[in-house]
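Here's the structure, in structure tokens; my notes come after.
What follows draws every value from the coordinates through simple rules; no lab data is involved. Note that the coordinates shown come from a computational prediction; the quantities given were computed from them, not determined experimentally. With ideal geometry, Cβ positions are generated from the backbone for all residues, glycine too; neighbour counts draw on all protein chains shown.
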Amino acid sequence: MRMALLPHSSRLQATGKGASRHLHTSILPFSLAEVILRPHCYPLKKKGLALLAAASLAYVSRVLWIYSETGTWVYPVFAKLSPVGLAAFFSLSYVFSVGIYLFGEKLNHWKWGQFISLLPTETLLRYALLTPPGNRRRNQ
């Protein structure tokens, strides 16, 4: 049962130490291609960063919970860090994530800025999806 809690560790043992790095970084080219090929409507900066913080907190909580249940760190480097080092690592990871988020937002605006205002807003999109075509008024 404990191995089910640590899919990353078992995958690391089966595939080797370098495979984890490759699996974690292979998303970068696909993300860059998506920014270039498709415009995105980012939420307000405050809301986007709050959602990023919530996701980061959930991930850190999961990593700490797995350690508390099994006594084994998901990433072996965490065993070498003190509690202050862990807090610094998680904090810097969040700062790095914020930087990536803001860079993606900037790239999106740089590539698609002139078209963003033409994209449907969430309200218009919801109206278009929930209202049958015959019941839509033209000037709303």
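Some notes on this structure:
- Greater than 29 Å apart at Cα, pairs in Lys47/Lys111; Lys46/Lys80; Lys47/Lys80: Lys46/Lys80; Lys47/Lys80
- Panel order for Trp65, Trp112, by other beta carbons found within 10 Å of each beta carbon, from fewest to most: Trp65, Trp112.
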